[in-house]
Structures are given as C-alpha cells and as structure tokens.
Amino acid sequence: MAEVITMPRLSDTMTEGKVSKWHKKVGDTVKEGDVLAEIETDKAVQDFESEFNGTLLYIGTEEGSNSPVDSVLAIIGNAGEDISGLVSGGNSAPQTEEKKEEVAVSAPEVSAVSAEIPAGVEVITMPRLSDTMTEGKVAKWHKNVGDDVKEGDILAEIETDKAVQDFESEFKGTLLYQGVSEGNATNVDEILAIIGPAGTDVSAIVAGGGKVAAPVATEAPKTESAPAVNATVSTTTSTGGRINISPLAKKMASEKGIDISTVKGSGDNGRIVKKDIENYQPSAAPVQQTAAVSTSVASAPAAQVAMNFVAGETTETVNSQVRNIIAKRLSESKFTAPHYYLMVEINMDKAIEARKELNSLPDTKVSFNDMVIKATALALRKHPQVNSSWAGDKIIHHGNINVGVAVAIPDGLVVPVLKNADYMNYNQISASVKDMASRAKSKGLKANEMEGSTFSISNLGMFGIETFTSIINQPNSCILSVGAIIEKPVVKNGQIVVGNTMKLSLACDHRVVDGATGAQFLQTLKTYLESPLTMLL
C-alpha cells in the first residue's frame, strides 16, 4: 500500500520547507534510510531520509520550490500502483479550469452592459510618476472644463511623493471633466480628466470609473491648427528656422542637453511633445540634406549625450528560505521589542596577557571571542533577569545558560547555540564554536543545534568594526555586540600610556531588562574581562 510522506516540521518555528535537492526521482527504488531529499528550513538545510521501502511514485514539491508543513512531499508504494486518490488537490485543477471558463464566458456579458466610450473621447487617469507613487495630488489645474486642449499642453501640476511635475496632454479636444479638484488627491489609475469633442455626454464614463469597453467608433477627424497658434509655442534655431515645441518638452530638452533641431515631433504639424523628448535617441536624429544645415548639426550640443560608457547589468536573486526567515524574524523583533542600547569600553591589556599564557599550553588555542563567551556566560549566572524572555503575560527566567553565537553564511546569518556555556571551559568553548561555525558555512548544522538560545553574541571585531548595535534575536531579551580591540592612548594612574580597548554594546528588550539591570550586567562582564583570573574563582 502506498505511503504519503508530508513536508516534515524540522524546527519549532518552521512553517514551510524548501526542497533544495531531490536525491531520488519518480520511478526510483527507495529503501528505508535512503536520503530522499535535502530540505531547507528557516534555520538550516537537512537531509530527509525515507522511513519506507518501495518505489517513488509521486513528487509533490519540485526542486527549488516551497511547501507548507504537512503538505504532500512525496508518495512511495509499489511500482504501477494507482495513487490518484492520494494526490492532494487532484480534483481541484479541473474545477479551477471550469471556474476560469465560467469567468471567460461571463466577461463578454459584463462588457455588453458597460457604457461605450464615444468617438474621440479619451479618459486620462492619474499617472504613476515615480516608482513608489500610489496616489497623486493636483497642485494646480492649467485647464478648466470647457477649455480647448492641444497635444502637449500642460493640463495640471501633479504632486507626487517626491516632487511636483507638469503633466502634459497627449490628446486634443475639449476638457469635458475633471476627476480631481485642485488641492485634492486620488489613487494612481483613477480618472484624472476626460478630453473629447465639445458637448459630449461623459456621465456614463464617470459613473463607471472610466473602466468601460474600448471604443468601437472610428477615430475623430483631425483638424488643422492655425499657423498663428503654432507660432506662439515655437522656438527659433541657429539657422533661423522655427521649431514647433511644447513648453514642457522644451524645458526637458534643455535639462537633458538635447538639440531640439534633431528631434522629430509626433504632435500636430510635427509639434515636439513630452514623449518625443523621453524617447529621443541620438542615433535617430534626422539626416540634414544641405551643407549649411549639416555644419550646424555637427556643432550642435547633441554630442553632449553621446557618452562612452558600459552600462551595469541589473540582476535579481531569488531569496532563499533562510533569507526570508531572517527578514521576517528581525523585522518582528525590531518592531515589537522596545530596543535600547548600553555601551561600555573594556581595557583588554590583562585579557591579552591571559590569552598568551593560555595559548602557551599544549593543545590550547583560545580566541578573544571564546573569552567573551566565557565571561558572558558567568555574568548571566549572576544576573538571571538578563537570561530571560518576554512571553506576553509573563516573563520566563531560563534555568540554563545557552549562548547563541552569530555566524555569517552565504545566505545570511545563523546562530548556533552553546548549551550550558557557563559550565564549559575554554577548550570546550573554542572547539564547539569552531566546529559549529564550520558546519554552518557548509549547511551541515542540525536544527536542534540552533534552538534554545537564551542570550546571543555578535562579533564583528575581526572586520575592524569598533562599535555597532544588533537587533535582538528573539525570544532572547538581549544581544551583545563585540567590537575590535584597538590600540590607543589611555590614562593609567594619571599618565597617558598605550593601551588596548574593546567596546561592547548591549541591546536590551525594555519589557524584560531595565536600564539598571543591563548596566549591572555590563559591569560584571567588564570585571571578568579586565581581570580574567576572576573567571577562575
């Protein structure tokens, strides 16, 4: 009989898993204990073994895809066995297709009762003038209802989330309707204005929000503009000719250093409008026929935009499961826990001497980070409030001291945990940190090795960072940030001498740890590091 294997919950915070790699494919023979796949959780990538014998009949999650916990991951059974009834959602696809067909059939009926846009009428919606714009405010209308509008005329000044910009009309006719009164705002893609032949009834379009069937009538006949009108918006070239250009297009061309004599207008009577400047390409400049004009073009400022450079390539990287969870967890911590920070400077002269003596012993290699972990664990034993967690209506005081040590990996950051760190000696701390850091970078950590921390440490001293602050790794109430050891002048016994100092920053959750409590913890930690022998008492 076929066995359904679901996406396992490989950590206490896991809600979905990603199949990094399948080690078996459909049709392969599977034995109990064989690795079926590598599953990436919110904390690590783990091998997932089969508990059954048989043939892999179905894969529910493709390689590189995510699935919720308890959803179908795979089905194992006898070769040729019918598993159609076991495949989750097997009957949902046809229903979905039927629904799509129903929607497709009903769509024309909706369109049939929609008001049609009369011939020559254009609905102008609030434009998206910046990549973050969601609504726009009409700072000023330059045209009123009933006014004639020509292509390239400025209809209004639109205030976005970044600036106020002139908004040109791309159509000509009469302004029939203003969707937003001056000084008010509306969402992007909502009706801003309606332009069309004078006297056209647009009430049905307004009632429908502008979302009506496409017009089936022929395009409104174009009328020739009077030469006198064109002359009012024209400009003179260096050769004495006149160029018909809208005010906004002229301003944009000046800002971009574009020679307007090389731009071909798409408006009425060859008028240059905003879109012509936006779409302008130097290579598309018209070829002049006469020697006089050619000489003028050769000396024109168009050469200013012909820059020689290699454009950088914009790429995208799909977030890994680890990166998504890091983003989610740290955002929750930053926006829910009231962080505050305490900083202290440690004199590390004695710690340096103590480390030299320790490392002179056979088979001993202790780092400053190991000494900080040891001192932190002992300080936590004296200040149990710092070794606590917020739990809504109560505070949990942890009996064990489990120190999480942040480790950078290609996908982001993981925090392997040293369990009962206060009972570990230097050699045990050093060996454990090196082992877990190495396996973290090769994705060899198990989920239980990254669970249960009661306090966290982040060290950037090896990168030369003197001081920084960290975001609390919940459910911890504190995280210690460790900077580099810096050689600098210090005052000892009233004399300026060369000393070695290190700065520590403690981020605290004010719901659990008050300022005085955090300060007392740092005082104890400072005592241990400045007098390493006290850690042996």
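The values are calculated or read from the model by the stated rules, or taken from the named source; none is laboratory data. Keep in mind it's a predicted model, so treat the numbers as computed, not measured. For neighbour counting, all protein chains shown are included, and Cβ atoms are generated from backbone atoms with ideal geometry for every residue, glycine included. Accessible surface is based on the protein model in full, side chains and every heavy atom, while ligands, DNA and RNA are left aside. Shrake-Rupley method; radii C 1.70, N 1.55, O 1.52, S 1.80 Å.
See the values below:
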| read-out | value |
| --- | --- |
| Residue check for THR41: crowded, with 16+ Cβ neighbours inside 10 Å and under 26 Å from VAL405 (Cα atoms) | yes |
| Top-ranked residue in the stretch 515-537 [being assigned to a helix (DSSP H, G or I), in contact (Cβ under 8 Å) with a residue 60 or more places away in the chain and of a type in the set (Gly, Ala, Ser); ranked as most open to solvent (accessible area, probe 1.4 Å)] | ALA519 |
| Test: residue in the stretch 453-463 that is at pLDDT below 95, of a type in the set (S, T, N, Q) and either over 28 Å from ARG511 (Cβ atoms) or open to solvent by 20 Å² or more (accessible area, probe 1.4 Å) (or both) | no |
| Selection within the stretch 1-38 - in a loop (DSSP other than H, G, I, E, B), surrounded by 15 or more Cβ atoms within 10 Å (Cβ to Cβ) and of a type in the set (A, V, I, L, M, F, W, C) | ALA2, MET7, LEU10, MET14 |
| Condition met for ILE465 (more than 26 Å from THR534 (Cα to Cα), part of a loop (DSSP other than H, G, I, E, B) and touching a strand residue (DSSP E or B) at 6+ places or on another chain (Cβ under 8 Å)) | yes |
| Which listed residue, of ALA437, ALA447, is touching a Lys or Arg at 6+ places or on another chain (Cβ under 6 Å), modelled with pLDDT under 95, open to solvent by less than 60 Å² (accessible area, probe 1.4 Å) and not hydroxyl-bearing (Ser, Thr, Tyr) | ALA447 |
| Matching residues in the stretch 348-376 - criterion: being open to solvent by 20 Å² or more (accessible area, probe 1.4 Å), under 40 Å from the mean Cα position of the chain (by Cα) and of a type outside the set (Phe, Trp, Tyr) | SER367, ASN369, LYS374 |
| Members of the stretch 388-416 found to be closer than 20 Å to THR469 by Cα and either among the hydrophobic types (A, V, I, L, M, F, W, C) or open to solvent by 70 Å² or more (accessible area, probe 1.4 Å) (or both), listed by number | VAL403, VAL405, ALA406, VAL407, ALA408, ILE409, LEU413, VAL414, VAL415 |
| Positions within the stretch 194-208 being in a loop (DSSP other than H, G, I, E, B) and loosely packed, with under 15 Cβ neighbours inside 10 Å, in sequence order | PRO197, ALA198, GLY199, ASP201 |
| Options ALA93, ALA119, ALA107, ALA115; residue that is at pLDDT below 85 and in contact with a helix residue (DSSP H, G or I) (Cβ under 6 Å, 6 or more places away or on another chain) | ALA115 |
| Residues of the stretch 56-68 satisfying the condition of being open to solvent by less than 20 Å² (accessible area, probe 1.4 Å) and assigned to a strand (DSSP E or B) | LEU56, SER67 |
| First in the stretch 405-424 and at positive phi, second anywhere and basic (Lys, Arg) and open to solvent by 20 Å² or more (accessible area, probe 1.4 Å), Cβ under 8 Å, 6 or more apart | GLY412/ARG323 |
| Residue in the stretch 488-511 that is open to solvent by 70 Å² or more (accessible area, probe 1.4 Å), among the charged types (D, E, K, R), closer than 30 Å to ASP47 by Cα and not in a helix (DSSP H, G or I) present | no |
| Lone unmet requirement of (1) within 30 Å of ALA253 (Cα to Cα); (2) modelled with pLDDT of 80 or more; (3) among the aliphatic types (A, V, I, L, M) for ILE325 | (1) |
